[in-house]
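One structure is given here, and the rest of the page talks about it.
The values are calculated or read from the model by the stated rules, or taken from the named source; none is laboratory data. Keep in mind it's a predicted model, so treat the numbers as computed, not measured. With ideal geometry, Cβ positions are generated from the backbone for all residues, glycine too; neighbour counts draw on all protein chains shown. Ligands, DNA and RNA are excluded from the accessible area calculation, which covers all protein heavy atoms including side chains. Shrake-Rupley method; radii C 1.70, N 1.55, O 1.52, S 1.80 Å.
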Amino acid sequence: MKKLLLPLFLLGLSIICFSQEQEETAPFSYEVSGLFYAYKYDVAKRKPIDDKFKIPKPPLRFEIVRKEKHPTGNYDFYIIRFFDVISDDIKEGGKTVSLTDNPLFINSADNQEYFWISQDELTTLLDNKTIKKSFKLTSDIAYGANVSLPFKLRPKVNEQNIRITPDITLSGFLGAKFRISRKDPYYIVPLVSLGLATLPISDETDGSVTDKGDGMVLGITTSTGVVFQLKDFQFGFLVGWDRAAGELGKNWVYNGKPWYSFSIGFTFLGNNKPPEEKK
């Protein structure tokens, strides 16, 4: 039986339900991964030019300035601006070529220029991966509620050997959420939590001499640690402290002593759910 305790500890299951937040968005730009036409936009006249275009070379990036209705009234289009070209020399086929050698390609001379692309064309380019969203590595506040069944590793205390206990926990947490991938909803979340837990009390873990038998008591639990969120899947390492409540729990030998847990889980709702990636 003891041989099963460590695997159970490593597979401690945390089912996490976060507080829900509507219409969360994340800032992003677009990264060019294929060739397409970007048409010129006349800023002075505030009108799109239908017969002048240039071709952006990967891995140029651009962002949307605003959305407008085409003068024909037939469709909507986006005014876009490419990030500044730092160098016109690029590697192509193992050779260094200059973007200025072919006036069709966007180069450093276009750093102050604006272009446009139709809404339908942007959708098509996203669908066929000619352009991809590149998310900014931002940070945000993480908060919510956590319902979990962590397997807590409790180190040796007094005459008690190392124990692993599964405790039902209901807690709130607060932390910071840092995005660590431009392409995928991957985050690292350092956090602290505070809540209630069911704690096992027995003759062996009761520091008093009175025979109280075995049972469960409610207690206060707090923890801190780091959680990694990979899309809807989460895993992390936590260290925490418990204090059993009431007359039955005041002599519990683990009061105020640290415990450790590796936690895995799945996000169902919330402000920590990967943001809606709107086009």
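Here are the numbers:
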item	result
Of all residues in segment 79-106 being part of a loop (DSSP other than H, G, I, E, B) and under 34 Å from the mean Cα position of the chain (by Cα), the one that is surrounded by the most Cβ atoms within 10 Å (Cβ to Cβ)	Ile106
Neighbours by Cβ (under 6 Å, 6+ apart or cross-chain): first from segment 37-48, closer than 15 Å to Arg81 by Cβ; second outside any strand (DSSP E or B)	Ala38/Pro56
Members of segment 119-145 found to be open to solvent by 30 Å² or more (accessible area, probe 1.4 Å) and farther than 23 Å from Val85 by Cβ, listed by number	Gln119, Asp120, Thr123, Thr124, Asp127, Asn128, Thr138, Ser139, Asp140, Ile141, Tyr143, Ala145
Sole residue being of a type in the set (A, V, I, L, M, F, W, C) and more than 30 Å from Gly256 (Cβ to Cβ), chosen from Ile168, Ile141, Ile131, Ile162	Ile131
Selection count where residues are assigned to a helix (DSSP H, G or I) and not hydroxyl-bearing (Ser, Thr, Tyr), scope segment 116-175	7
Residues that are closer than 16 Å to Gly225 by Cβ and loosely packed, with under 13 Cβ neighbours inside 10 Å, drawn from segment 154-203	Leu174
Any chance Ile264 is modelled with pLDDT of 90 or more, surrounded by fewer than 19 Cβ atoms within 10 Å (Cβ to Cβ), hydrophobic (A, V, I, L, M, F, W, C) and under 18 Å from the mean Cα position of the chain (by Cα)	no
Of all residues making up segment 39-73, the number that are of a type outside the set (D, E, K, R) and within 30 Å of Ile180 (Cα to Cα)	7
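For (1) open to solvent by 20 Å² or more (accessible area, probe 1.4 Å); (2) in a strand (DSSP E or B); (3) modelled with pLDDT under 85, each residue gets a yes or a no:
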position: Val209; (1), (2), (3): yes, no, yes
position: Gly213; (1), (2), (3): yes, no, yes
position: Val217; (1), (2), (3): no, yes, no
position: Ser223; (1), (2), (3): no, yes, no
position: Val226; (1), (2), (3): yes, yes, no
position: Gly236; (1), (2), (3): no, yes, no
position: Val239; (1), (2), (3): yes, yes, no
position: Asp242; (1), (2), (3): no, yes, no
position: Leu248; (1), (2), (3): yes, no, yes
